[in-house]
Amino acid sequence: MSVSFWRKKRVFALLFFTFVCFLFLTSSSVSKMLYPIRYQTEIQKNAAVYELDPFLIAAIIRVESNYQTHIESKKGAYGLMQLMPDTSDWIVDTARFSPSFKNDLHNPAVSIQMGSWYLNWLHKQFKGNAVLAIAGYNAGQGNVSHWLNDELWDGTLENVASIPYGETRHYIQRVLYYYNKYHKLYAEDWGIPVEKQKQRSIGQATK
């Protein structure tokens, strides 16, 4: 057989292999392996209690700690939802959680409960604007309010590039990336009605 014949066979085999790999990587089961959600019970429970989208909680955990319970940042934030010591102390006092929570943030259930409460509080402060709440989780409510008051940012997803902190710009983009991935992969499994799936809108203030 000619060299060109074997070359064509190799090209065909390569194309076939690429096609099979594409099907494998785009399958739902494989995607869920690449984008897992751990502590689903705790996330869904606190999403219900604090009226949050469970996939937003999951996305923030993914970006903050990648589901590692004992991780600690250089700035001192720790736990699944990476709360700073002064922020966690304030949350415990304001929400009237058990004082033991302050020393138990490595416990996934505690971290998720406190982080969810804080995210709910941020939503209320920013009148339901999820993008502002996400920004506040990263940069602090005070900084975000300052940007809004000084008209440095209008709080919309479309103008996120005007946020003064590059870290916060990137943070919002990463959180929403994982949020959309999780929503696409898990919404049906988690029993979220189709109409709610269609109505979801990150970046718009609720009425």
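The values are calculated or read from the model by the stated rules, or taken from the named source; none is laboratory data. Predicted model, so just to flag it, every value in this text is computed and none were measured. Cβ sites come from the backbone with ideal geometry, for glycine too, and all protein chains shown count toward neighbours. Calculation scope for accessible area: heavy atoms of the full protein, side chains included, ligands and nucleic acids excluded. Shrake-Rupley method; radii C 1.70, N 1.55, O 1.52, S 1.80 Å.
For region 156-184, residues that are under 17 Å from the mean Cα position of the chain (by Cα) and open to solvent by less than 30 Å² (accessible area, probe 1.4 Å) total 9. Within the option set Thr41, Thr87, Thr69, Thr94, being part of a loop (DSSP other than H, G, I, E, B) and of a type in the set (Val, Ile, Thr) holds for one residue only, Thr69. Give me the residue from region 91-115 that is over 21 Å from Arg38 (Cα atoms) and in contact with a Phe, Trp or Tyr (Cβ under 9 Å, 6 or more places away or on another chain) and, out of that set, most open to solvent (accessible area, probe 1.4 Å). So, considering only residues that are over 21 Å from Arg38 (Cα atoms) and in contact with a Phe, Trp or Tyr (Cβ under 9 Å, 6 or more places away or on another chain), the one most open to solvent (accessible area, probe 1.4 Å) is Thr94.
Quick check: anything in region 69-76 open to solvent by less than 40 Å² (accessible area, probe 1.4 Å) and either closer than 18 Å to Ile43 by Cα or touching a residue at least 60 places away in the same chain (Cβ under 8 Å) (or both)? Yes. Against the numbered list (1) modelled with pLDDT under 65; (2) open to solvent by less than 80 Å² (accessible area, probe 1.4 Å); (3) part of a loop (DSSP other than H, G, I, E, B), Val20 comes up short only at (3).
Is it fair to say Ile202 is surrounded by 19 or more Cβ atoms within 10 Å (Cβ to Cβ), modelled with pLDDT of 95 or more and among the hydrophobic types (A, V, I, L, M, F, W, C)?
Working: surrounded by 19 or more Cβ atoms within 10 Å (Cβ to Cβ): yes; modelled with pLDDT of 95 or more: no; among the hydrophobic types (A, V, I, L, M, F, W, C): yes.
So Ile202 does not fit the description; no.
Across region 163-190, the qualifying residues are those that are aliphatic (A, V, I, L, M) and not in a helix (DSSP H, G or I), and the one among them that is modelled with the highest pLDDT is Ile163. Among residues of region 116-155 being hydroxyl-bearing (Ser, Thr, Tyr) and buried (at least 16 other Cβ atoms within 10 Å of the Cβ), the one that is farthest from the chain's Cα centre (by Cα) is Tyr118. Please go through region 43-68 and pick out each residue that is in contact (Cβ under 8 Å) with a residue 12 or more places away in the chain and open to solvent by 60 Å² or more (accessible area, probe 1.4 Å). Those that are in contact (Cβ under 8 Å) with a residue 12 or more places away in the chain and open to solvent by 60 Å² or more (accessible area, probe 1.4 Å): Gln44, Val49, Glu51, Gln68. Filtered by the rule that a residue be small (Gly, Ala, Ser) and either closer than 8 Å to Leu105 by Cβ or not in a loop (DSSP other than H, G, I, E, B) (or both), region 72-84 gives a lone residue, Gly79.
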